[in-house]
Amino acid sequence: VQLQASGGGLVQAGGSLRLSCVASGIIFNIHDMGWYRQVSGNQRELVASITSGGRANYADSVKGRFTISRDNANNTVYLQMNSLKPEDTALYYCNTDRPPGLQQRWGQGTRVTVSS
């Protein structure tokens, strides 16, 4: 299994980024997927998830600013991030939306840095 996230970068506060994650080695369209982020030294937190049927959920901290979507034909999940804040700075990963221990092997993630 590979989960290859990309699209991170350095952006000013108020800016936007679109993250992509291509999954291989899994039957993508049956899995609920999630975007997670991790600040150094902290636990990963789930910021957005999308069911196999396309229903999205968001953490309160990103609600109204981030949009998760998926393209099952291309085994890809996206995270559109608008109105970025410095506190959004983190390493972002995608994985299946399952309890810890039942998820796939974590990929390298993609780093997002928001300057004030």
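Every number in this text was worked out from the coordinates using simple rules, so none of it is lab data. Everything numeric here is computed off the predicted structure, so don't read it as measured data. So basically every Cβ, Gly included, is an ideal-geometry build from the backbone, and we count neighbours across all protein chains shown.
Give me the Å³ per residue figure for the convex hull around the C-alpha atoms of segment 1-40.
On the way: hull volume 4.1 nm³, N = 40.
Per residue, the Cα convex hull of segment 1-40 comes to 103 Å³.
Anyone know which of Gln12, Gln80, Gln43 comes out most mobile in the 10 Å Cα GNM of the chain?
Answer for the Gaussian network model of the chain: Gln43.
Can you compute 3J(HN,Hα) from phi for each residue in segment 63-72, using the Karplus curve 6.51 cos²θ - 1.76 cosθ + 1.60 with θ = phi - 60°, rounded to whole Hz and x for Gly and Pro?
Coupling constants for segment 63-72: 4, x, 10, 9, 9, 9, 8, 9, 10, 5 Hz.
Quick one: among Gly14, Gly34, Gly25, which has the greatest mean-square fluctuation in a GNM of the chain with alpha-carbon springs under 10 angstrom?
Gly25
Note down the magnitude of the dipole of segment 10-116 about its Cα centre, charges +1 on Lys and Arg C-beta and -1 on Asp and Glu C-beta and zero elsewhere, to the nearest 20 debye.
Values: 11 positive and 7 negative charges, 14 e Å.
Here the size comes out at about 60 debye.
Run through the DSSP bridge list for the chain and note the antiparallel percent, rounded to the nearest 5.
Percent antiparallel among DSSP bridges in the chain is about 90.
So, in Å, what gap is there between the alpha-carbon centers of segment 57-75 and segment 91-116?
The distance from the Cα centre of segment 57-75 to that of segment 91-116 comes to 13 Å.
For segment 65-116, rounded, prolate or oblate, judged on the Cα gyration tensor with a ≥ b ≥ c (square roots of eigenvalues), a/c < 1.5 rounded, else prolate if a/b > b/c? Let's see the in-between values first.
Details: a/c = 2.32, a/b = 1.46, b/c = 1.59.
Because a/c hits 1.5 or more and a/b fails to exceed b/c, segment 65-116 counts as oblate.
Apply the Debye scattering formula to segment 14-116, with a single equal point scatterer on each alpha-carbon and no solvent, then give log10 I(q)/I(0) at q = 0.11, 0.19 Å⁻¹.
Cα-only, vacuum Debye calculation for segment 14-116: -0.30, -0.91.
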